[in-house]
1. So between MET152 and TYR53, what do we pick up on full extension, going 0.36 nm a residue minus the alpha carbon distance?
2. Residue-wise, which Karplus ³J(HN,Hα) couplings in Hz belong to segment 70-76, taking 6.51 cos²θ - 1.76 cosθ + 1.60, θ = phi - 60°, and x for glycine or proline?
3. Is the shape of segment 65-168 rounded, prolate or oblate, going by the alpha carbon gyration tensor and its root eigenvalues a ≥ b ≥ c, with a/c under 1.5 for rounded and a/b larger than b/c for prolate?
4. Set Lys and Arg Cβ to +1 and Asp and Glu Cβ to -1, take the dipole of segment 65-168 about its Cα centre, and tell me which of ASN130, THR115, ALA147 lies farthest positive.
5. Determine the calculated [θ] at 222 nm for the chain from helices alone, applying -39500 (n - 2.57) to every DSSP H run no shorter than 4 residues and normalising by the residue count; nearest 500 deg cm²/dmol.
6. Given R₀ = 41 Å, what would the calculated FRET efficiency be for ARG102 paired with ARG22, taking r from the Cβ atoms and rounding to 0.05?
7. Say R0 is 25 Å: what FRET efficiency, to the nearest 0.05, do THR227 and ARG110 get from their beta-carbon distance?
8. At 7 Å along the Cα-to-beta-carbon direction for both ALA84 and THR143, put a label point, then send me their distance in nm to one decimal.
Amino acid sequence: MKTQSAIATQSGGSRARARKRRNPPPLGPGSFEVALKDLAARDAELAQVLARYGPPPLWRRRPCFAALVRIILEQQVSLASARAVYNRLAARVVPFSAANFRRLDGRSLRKAGLTRQKRTYLLALAEAINTGRLRLKALPGMTDDEARQALMQVKGIGPWTADIYLLMALRRPDIWPCGDLALNTALKAIKNLEGRQSEEDLVAIAAHWQPWRAVAARILWHYYLCTRGQPAPEDL
């Protein structure tokens, strides 16, 4: 007869195995190529983008504090502007860690170009990581929804920021960052959508690209940059 402890252990192990099975492996070069071919076969407009502009880069970031800092800096500003602020911060925080970031005073943060709101967000992030309230190393073992909720407990991290981290840093294959202006602009352009579409309408279109919505997003970002004459950065 199994003891209560043995039953609990077996049940916990089963849940862990089930959770592991629910998480697809992170996107890599092989799965990325498979996804591109699958999307091109299923969607004529995406196929046209790939034929004209070539495949997008597999944009990715190392899953760490620095990646989240960059994503927060990119909220509602251009990539170039966010990169400039990040580079100034990186010059002041060596090595770039949450613990070292907390040691910067307000004057140093202002001189780096941080707004008051972004200072509040980044300090909240550093505090959450330092206290263990946010454990970045635990996120890969979580489902998309669990990881999203864990990130969104931190002030300044909303759905878009969490989804970009899942898409870029964790390389989850089926993430669609709702509200991303470049994505929405590119989506409406390739689908020749006129007039005003709601976010729900665009999400419904993207649903047809499951289970590769994160790859479709990269195709659309690639299209957005190429049609504006902007070279694709090695990483976003």
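Computed from the coordinates by the stated procedures, all read-outs in this text should not be read as laboratory data. Fair warning: this is a prediction, and the values are worked out from it, not measured in the lab. Note that each Cβ is placed from the backbone with ideal geometry, even for glycine, and that neighbours are counted across all protein chains shown.
1. Details: separation 99, 0.36 × 99 = 35.64 nm, distance 3.50 nm.
Result: 32.1 nm gained on full extension.
2. Along segment 70-76, the couplings run 4, 5, 5, 4, 7, 4, 6 Hz.
3. Numbers: a/c = 1.96, a/b = 1.45, b/c = 1.35.
Cα axes put segment 65-168 in the prolate bin.
4. The one lying farthest along the dipole's positive direction is THR115.
5. Working: 13 runs with 143 residues, N = 236.
Helix-only estimate at 222 nm: -18500 deg cm²/dmol.
6. Computed FRET efficiency for ARG102 and ARG22 comes out at 0.70.
7. Details: r = 36 Å, r/R0 = 1.46.
For THR227 and ARG110, the calculated efficiency is 0.10.
8. The modelled label-to-label distance comes out at 4.3 nm.
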